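Visitor: Handing you a structure now.
The values are calculated or read from the model by the stated rules, or taken from the named source; none is laboratory data. Remember, predicted model here, so these are calculated numbers, not experimental data. FYI the Cβ positions are ideal-geometry reconstructions off the backbone, even for glycines, and counts take in every protein chain you see. Only protein heavy atoms, including side chains, enter the accessible area calculation; ligands, DNA and RNA are left aside. Shrake-Rupley method; radii C 1.70, N 1.55, O 1.52, S 1.80 Å.
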Amino acid sequence: MHIVHTVVMFAIVLGIMVLIHELGHFVMAKLCKVKVEVFSIGFGPRVIGFRLGDTDYRISALPLGGYVKMFGDAPGEKPRDRETLEVLGIDINAPGEFNGRPRWQRVLIALAGPLANFILSFFLLFFAAHYHHEVDKYLTGPAVVDYVPVNSPAAHDGLATGDTITRFGSNTNPTWDQITKDAALNVNHKLPISFVHNGQTITRDITISSGDGTDQPSPDMLSATGLIPRESDDSLVVKDITPGSPGDRAGLHPDDHIVSINGLQVHSLDTLIAYLQDGSGAPATVIITRNDQPITLQLTPEKGDNGAGVIKWLIGFHAKHVPVEVQRLPIGQSIVQSAKDNYESSKLVLKIIRGIFTRHVSAKAMSGPVGIAQQIEIVSEQGTWSLVEFMALISMQLGIFNLLPIPILDGGMILFLIIESIIRRDVNEVAKERIYQAAFVCIILLAAFVTFNDISRMHH
């Protein structure tokens, strides 16, 4: 049932993305008086559908995309002239051939699909901001370091608990959100960092660690680099206890506040886990408060699975989520917030694409259908609004990807039309056909590569 749920959620999310994308092409084609023969969600054999007017609306067997088939849109297909149409008895005012429309109209039709994805992303984030604008407080405030693991790059550079990061990469006075994004784009590379330590500003170049020994970011990236955020000024709160664990045996209860361990103030689960790894299982004195009363516990961590298949020294409990701020922004502020979030997301996507082409970011960072399905499973468990925000990100990425100047993508068609407009004639059809065939093979190889990446990460 778990797999079925994931597959169904993936099909729904991808179906919406593809529907909106193809709807953009469809509407613009109609506005340009182009006859649309097929509107399909999915590829391959027709499974179900109906015909309305000139168009066959269908769902096809392979639900990994979709297409709009326009009359006369095959590369190299010459539009029929007015005299031929009259001989064939075809109404010259009826919706006509794609290749018979002016180039600027064909550019608009190609642009309309990605534009529809951008519009969808905007409205999804608008509704999220208007009805449930949720922000982890620590992500938007000053970047205060809560703990620096021993032998981490940050420790070697002199960072310590309580230091405030004042510069990271190109960002001055960065937030933890900016630091996380910049670090993910620079795994195994150095970034300039400035921080305030004992009242003095120190500048270093810090090496970003992936956290798992690969060339791509992992959930442990910041911890492995030594940059553990102070997520709250309050102590860590216990959600539930693992039966038979060191915490259970020591007398830890749900709703207990973990104030300190061996004198170190604890403000996040990442801080506690990193400290336990540095101690390599050494006995610890833990100060907690229960009903506002201080209690001292003695416990010895044990190795166990952290829930992600990684063996670490653990106490054996789950912590409550860090404080979040939930707002319902007014319409005007929601528009501004959506525009800002979309701008930041698109900028990050473009940085990743540029990083991949310059080999600064590993190509293994790309995800295909399997990876997207895994992410959908994770965010759907976090709640409806998390899923809505993730759908906005996927829609944005789909729009940008389709604008890449690669033949068989919308961007490739636009590129050819621009070239033909400049040279004022069609590109040689034989050459164009060969380029399309090569691009198709490359897209298939790319799909196989990202799918292999996704599967490899599942077994990592």
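Visitor: Scan the range 238-263 residue by residue and report those that are under 16 Å from Gly307 (Cα atoms) and touching a Phe, Trp or Tyr at 6+ places or on another chain (Cβ under 9 Å).
Guide: Lys239, Asp240, Ile241, Thr242, Ser245
Visitor: Related question: Any idea which residue in the range 14-41 is farthest from Leu398 (Cα to Cα), counting only those that are in contact with a strand residue (DSSP E or B) (Cβ under 7 Å, 6 or more places away or on another chain) and small (Gly, Ala, Ser)?
Guide: Among residues in the range 14-41 that are in contact with a strand residue (DSSP E or B) (Cβ under 7 Å, 6 or more places away or on another chain) and small (Gly, Ala, Ser), the one farthest from Leu398 (Cα to Cα) is Ala29.
Visitor: When you check Gln216 against the structure, is it out of contact with any Ser or Thr (no Cβ under 7 Å at 6 or more places or on another chain) and either modelled with pLDDT of 95 or more or not in a strand (DSSP E or B) (or both), yes or no?
Guide: no
Visitor: Confirm whether Ile228 is β-branched (Val, Ile, Thr), in contact (Cβ under 8 Å) with a residue 60 or more places away in the chain, out of contact with any Lys or Arg (no Cβ under 9 Å at 6 or more places or on another chain) and surrounded by 19 or more Cβ atoms within 10 Å (Cβ to Cβ).
Guide: yes
Visitor: Turning to a different aspect of this structure: Of the residues that sit in the range 150-160 and are outside any helix (DSSP H, G or I) and among the small types (Gly, Ala, Ser), which one is farthest from Thr271 (Cα to Cα)?
Guide: Here the residue is Gly158.
Visitor: For the range 5-40, which residues satisfy the criterion of being open to solvent by 80 Å² or more (accessible area, probe 1.4 Å) and at pLDDT below 90?
Guide: His5, Val7, Ile12 - these are the residues of the range 5-40 that are open to solvent by 80 Å² or more (accessible area, probe 1.4 Å) and at pLDDT below 90.
Visitor: Cβ contacts < 8 Å: first residue without any contact (Cβ under 8 Å) to a residue 40 or more places away in the chain, restricted to the range 373-395; second residue open to solvent by less than 50 Å² (accessible area, probe 1.4 Å) and among the aromatic types (Phe, Trp, Tyr), any location; separation 6+ or different chain. Result?
Guide: Gln375/Phe390; Val379/Phe390
Visitor: Taking Ala61 as the residue in question, decide whether it is assigned to a strand (DSSP E or B) and either modelled with pLDDT of 95 or more or in contact with a Pro (Cβ under 7 Å, 6 or more places away or on another chain) (or both).
Guide: It is true that Ala61 is assigned to a strand (DSSP E or B) and either modelled with pLDDT of 95 or more or in contact with a Pro (Cβ under 7 Å, 6 or more places away or on another chain) (or both).
Visitor: Picking from Ser235, Ser210, which residue would you name as being over 20 Å from the mean Cα position of the chain (by Cα), surrounded by fewer than 22 Cβ atoms within 10 Å (Cβ to Cβ) and modelled with pLDDT under 95?
Guide: Testing whether each residue is over 20 Å from the mean Cα position of the chain (by Cα), surrounded by fewer than 22 Cβ atoms within 10 Å (Cβ to Cβ) and modelled with pLDDT under 95 leaves just Ser235.
Visitor: Another one. Please go through the range 152-182 and pick out each residue that is buried (at least 17 other Cβ atoms within 10 Å of the Cβ), hydroxyl-bearing (Ser, Thr, Tyr) and over 22 Å from Lys137 (Cβ atoms).
Guide: Matches in the range 152-182: Ser152 only.
Visitor: Collect the residues in the range 184-195 that are modelled with pLDDT of 95 or more and surrounded by 15 or more Cβ atoms within 10 Å (Cβ to Cβ), keeping them in residue-number order.
Guide: Those that are modelled with pLDDT of 95 or more and surrounded by 15 or more Cβ atoms within 10 Å (Cβ to Cβ): Leu191, Ile193, Ser194, Phe195.
Visitor: Do you know which residues across the range 219-240 are part of a loop (DSSP other than H, G, I, E, B) and of a type outside the set (Lys, Arg)?
Guide: Pro219, Asp220, Gly226, Leu227, Glu231, Ser232, Asp233, Asp234, Ser235 - these are the residues of the range 219-240 that are part of a loop (DSSP other than H, G, I, E, B) and of a type outside the set (Lys, Arg).
Visitor: Among the residues of the range 268-309, count how many are surrounded by 11 or more Cβ atoms within 10 Å (Cβ to Cβ) and closer than 23 Å to Pro153 by Cβ.
Guide: 13
Visitor: Restricted to the range 241-267, and to residues that are part of a strand (DSSP E or B) and either of a type outside the set (Val, Ile, Thr) or open to solvent by 30 Å² or more (accessible area, probe 1.4 Å) (or both), which residue is farthest from Gly281 (Cα to Cα)?
Guide: Among them, the one singled out is His257.
Visitor: With the condition kept exactly as written, say whether any residue in the range 132-149 is without any contact (Cβ under 8 Å) to a residue 12 or more places away in the chain, in a loop (DSSP other than H, G, I, E, B) and over 27 Å from Ser386 (Cα atoms).
Guide: No: zero hits.
Visitor: Output the number of the condition that Phe401 fails; it satisfies all remaining conditions of (1) closer than 30 Å to Leu191 by Cα; (2) among the aromatic types (Phe, Trp, Tyr); (3) modelled with pLDDT under 85.
Guide: Condition not satisfied by Phe401: (3).
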